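The values are calculated or read from the model by the stated rules, or taken from the named source; none is laboratory data. The shown structure was predicted, so the numbers you read here are calculated from the model rather than taken from an experiment. Cβ: placed from backbone, ideal geometry, glycine included. Neighbour counts: every protein chain shown. Just so you know, the surface numbers come from the protein's heavy atoms only, side chains and all, with ligands and any DNA or RNA stripped out. Shrake-Rupley method; radii C 1.70, N 1.55, O 1.52, S 1.80 Å.
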Amino acid sequence: MSRRFAFTLFLSLLLLIFCAQAHARLFLSSSSDLVSDGIRDLPEDNLLRLSPAVKESSCEQTYGFLPCTTSIVGNLFLIIVYGFLMYKAATYLSNGSELLLEILGPGIIGGLFLPILGALPDAMLILVSGLSGSKETAQSQVSVGMGLLAGSTVLLLTIIWGTCVIVGKCDIVDSIAKDSQDTRGFSLFGSGVSTDIWTSYAARIMVISVIPFLIVQIPQVLKSTSGRHLAVLVALIVSLLLLGSYCFYQVFQPWIQRRRLAYVKHKHVILGVLKHLRQQALGRLLKEDGEPDREIIKKLFSKIDENGDGQLSHGELRALVVGIEFDEIDLDHDDAVTKIIEDFDTSRNSLIDEDEFFNGINRWLSKAKRCGRPDAGPHTMKFLSDFHQETKREHDLLDVGGSTEEAVEGVQNAKWNSIKAVLLLLLGTVIAAAIADPLVDAVDEFSDVTSIPAFFISFIVLPFATNSSEAVSAIIFASRDKRQTASLTFSELYGAVTMNNVLCLAVFLALVYVRGLTWDFSAEVLVILVVCIVMGGFASFRTTFPLWTSIMAILLYPFSLALVYVLDYVFGWS
């Protein structure tokens, strides 16, 4: 702690040195005015003549005490210091969120609370950019908020996304990246990363989240000025609805994942039982016409019915299941028996008679046939191999390590860790709220003294401050070279962009609507749409990303900057 305190003290001293202001009397004079040093009766030639007065350049201290400056170096230093403090705020929020997630688990905390906290630094900066001063001042500073919004989205989906592919690359074998196997070096097509199907769903949700951007741009496309204010309101409402829907989905996503995975495990039970019965019947479960052979299935029922009472009990079914080897899955035997009883026991007496057994096997065979190839003969069992391949593929996409099945383990010193998490979250929130305003002021002042548009400063610089903690964490996590960690990494990136597109945009639209500001960000919106649709559409329908995709993603970053510049300063869109 002493080193951190010393470093913070050092930064504070530098802040005062670079940005301290000296004050003195100002003499306003024409070229002919004379100023005396207090000694009278001197020849006029010995008196000091002042040149014409130059207008004093001044700045306004944020909160009345934070330093400000009108120099280029001073404002650059302020941006670095305030950006570092915003980075610390984002780090505290991230650490507190992860600690709270370990204690309380997913659901409301992981699905609702933590995504909002992750977007808090960006939302704070956007909020203060539109609340500052008069309407004219807010209109000029709001470009800082738009630059941050666009820059964060582009940074996460280009440089960070591409870097995660590079550091997490593994050998691609049969269109899937093999965990912890990286022997092909930087092969553009032979190495890369793979994710699960949930990550593709996250990418699709991210694409849907750009709908408010499309709505707010309708008047610009139609070249209408009367409907702009209404379009902002409609886009704001849609943003809030999407935000609520996304949070609702995130809260129930663990439950949805468990249900989907349970369904695939059910298909594993079907496959395992049918293959086992096929072996017992020497492959003769079907007649020549493709219908189930009742006599064969009746004999199999008699083998399983050990006590010969004409009904299969839980114990007899468990003896059957124990002798089955379920491919590529560690399935609980009692769970498998439960699934069989649920499917076969139509009388709901927890016992299965001969008719229920035959009808159940018939339904399972019909379900497996639907996965078979049309060229397979009606009396053959070749459709089982097709059913096996489909089940294996589904399980591979849904479950990449059993993360959804793991219970949240007890955390030692839960009480202290809860207090620590709350303190970190409070500290991060307070720092983000306090630093947002002076950071926006420093960017705006730096833009004035350098004549560099505030949008480009906020587009390039601010996202690194507000997203650096998240970016470093994602890159480190992706470097573990496993499909499970890659899935979580890319899901978090898509989730962060989604929160930008709904929560941060909602804050921005509310400012524009309440303060009556002009929405004139066509070029910036186009960049967000291009990057989100390209990267989101690309990730929505595939789960493996070769190394060449990282190059494509990284090149989108300079392309985005160039596109905004050309549209704004060549074609004059904004």
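See the values below:
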item	result
Top-ranked residue in the range 198-241 [being of a type in the set (Val, Ile, Thr), modelled with pLDDT of 90 or more and more than 13 Å from Val525 (Cβ to Cβ); ranked as nearest to the chain's Cα centre (by Cα)]	Ile205
Considering residues of the range 221-248 that are within 17 Å of Asn500 (Cβ to Cβ), in contact with a helix residue (DSSP H, G or I) (Cβ under 8 Å, 6 or more places away or on another chain) and not aliphatic (A, V, I, L, M) only, the residue surrounded by the fewest Cβ atoms within 10 Å (Cβ to Cβ)	Cys247
Set Val443, Val472: member being at negative phi and surrounded by fewer than 22 Cβ atoms within 10 Å (Cβ to Cβ)	Val472
Which listed residue is in a helix (DSSP H, G or I) and surrounded by fewer than 17 Cβ atoms within 10 Å (Cβ to Cβ), from Arg318, Arg348	Arg318
Any chance Ile431 is at pLDDT 65 or above, outside any loop (DSSP other than H, G, I, E, B) and within 30 Å of Ala465 (Cα to Cα)	yes
Inter-residue pairs, beta-carbon under 9 Å, first open to solvent by less than 20 Å² (accessible area, probe 1.4 Å) and in the range 83-96, second of a type outside the set (Gly, Ala, Ser) and not in a helix (DSSP H, G or I), 6+ apart	Gly83/Val461
Candidate set from the range 162-173 (those that are of a type in the set (Val, Ile, Thr) and open to solvent by 10 Å² or more (accessible area, probe 1.4 Å)); member that is nearest to Gln61 (Cα to Cα)	Thr163
Test: residue in the range 188-203 that is open to solvent by 30 Å² or more (accessible area, probe 1.4 Å), part of a helix (DSSP H, G or I) and among the aromatic types (Phe, Trp, Tyr)	yes
Qualifying residue in the range 242-256 (condition: at pLDDT 85 or above and aliphatic (A, V, I, L, M))	yes
Test set (1) buried (at least 20 other Cβ atoms within 10 Å of the Cβ); (2) within 30 Å of Asp386 (Cα to Cα) - Gln253 fails condition number	(1)
Long-range neighbours under 6 Å by Cβ, at least six apart or interchain, first residue over 17 Å from Ile460 (Cβ atoms) within the range 545-562, second among the basic types (Lys, Arg)	Leu547/Lys169
Asp179 being open to solvent by 40 Å² or more (accessible area, probe 1.4 Å) and of a type in the set (D, E, K, R)	yes
Tabulated pairs, the range 310-323, first without any contact (Cβ under 8 Å) to a residue 24 or more places away in the chain, second not in a helix (DSSP H, G or I), C-beta under 7 angstrom, 6+ apart or interchain	Glu316/Asp305; Glu316/Glu306
Pro438 within 17 Å of the chain's Cα centre (by Cα), modelled with pLDDT of 80 or more, on the phi < 0 side of the Ramachandran plot and assigned to a helix (DSSP H, G or I)	no
Residue within the range 357-376 that is surrounded by 12 or more Cβ atoms within 10 Å (Cβ to Cβ), among the β-branched types (Val, Ile, Thr) and either modelled with pLDDT of 60 or more or part of a helix (DSSP H, G or I) (or both) present	yes
Cross-chain or 6+ apart pairs with Cβ under 8 Å, the range 139-161 first and open to solvent by 10 Å² or more (accessible area, probe 1.4 Å), then modelled with pLDDT of 90 or more and part of a helix (DSSP H, G or I)	Ile159/Ala553; Ile159/Ile554; Ile159/Tyr557
Selected residue (only one of Val411, Val422, Val461 is modelled with pLDDT under 80 and surrounded by fewer than 22 Cβ atoms within 10 Å (Cβ to Cβ))	Val411
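Okay, residues lined up against (1) surrounded by 24 or more Cβ atoms within 10 Å (Cβ to Cβ); (2) among the acidic types (Asp, Glu); (3) part of a helix (DSSP H, G or I):
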{"site": "Glu492", "(1), (2), (3)": "no, yes, yes"}
{"site": "Met499", "(1), (2), (3)": "yes, no, yes"}
{"site": "Val502", "(1), (2), (3)": "yes, no, yes"}
{"site": "Arg542", "(1), (2), (3)": "no, no, no"}
